[in-house]
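Notes for the one structure printed next.
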Amino acid sequence: VFFHNALPFVGFGFLDNAIMIAAGTQIELSIGIVLGISTMAGKRYQIQNCLFLFSCSSSLAGYVEALASRLGLSIPDLTPKQADMWQTRLSAHLGKAIGVTVGCILGMFPLLFFGDEEEKLEEKN
């Protein structure tokens, strides 16, 4: 139950964080510079964009679950009584929480490529 819930959320967390970091940084570096807005205004604008990007990455959740089922992740064969046990619900929630956390950590890989651009931006100011 834990792994059945964790694996799709690893994929979702990875996609969500990678898309938000890559797109959010590019939006901030392009629109923020062109419009000449302050860092605080840029952060507010970036938060609004992250909400939009989160809704976009949420639509990818179905594809992540389909990929997980293609990889052979089968649904646990539980009776209705077993599915309603507190241990099963706890395992499912922990799997989702730990899965999305691991996915978000893995999804931070775009940060490896943005160091130079931010340093150049700071040197210009």
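Quick note: the coordinates plus some simple rules give every number you see, no bench work behind them. Treat the numbers as computed from the prediction; the structure is a model and nothing was measured. Cβ atoms come from the backbone with ideal geometry, glycine included; neighbour counts cover every protein chain shown.
The slack between Q82 and L35, meaning 0.36 nm per residue of separation minus the straight C-alpha distance, is 11.2 nm. Just how far, in whole angstrom, is segment 70-94 from segment 9-32 if you go by their alpha carbon centroids? Segment 9-32 and segment 70-94 have Cα centres spaced 31 Å from each other. Multiplying the residue separation of A66 and F109 by 0.36 nm and removing their Cα-Cα distance gives an extension gain of 13.1 nm.
Computing FRET efficiency as 1/(1 + (r/R0)^6) for H93 and H4, where r is the C-beta to C-beta distance and R0 is 22 Å, gives about 0.95.
Electrostatic tally near N5: other residues with Cβ closer than 14 Å to its Cβ, Lys and Arg +1, Asp and Glu -1, net +1. Using the Karplus relation 6.51 cos²θ - 1.76 cosθ + 1.60 with θ = phi - 60°, the per-residue 3J(HN,Hα) values for segment 86-93 come to 5, 5, 5, 5, 5, 4, 5, 5 Hz, with x marking Gly and Pro.
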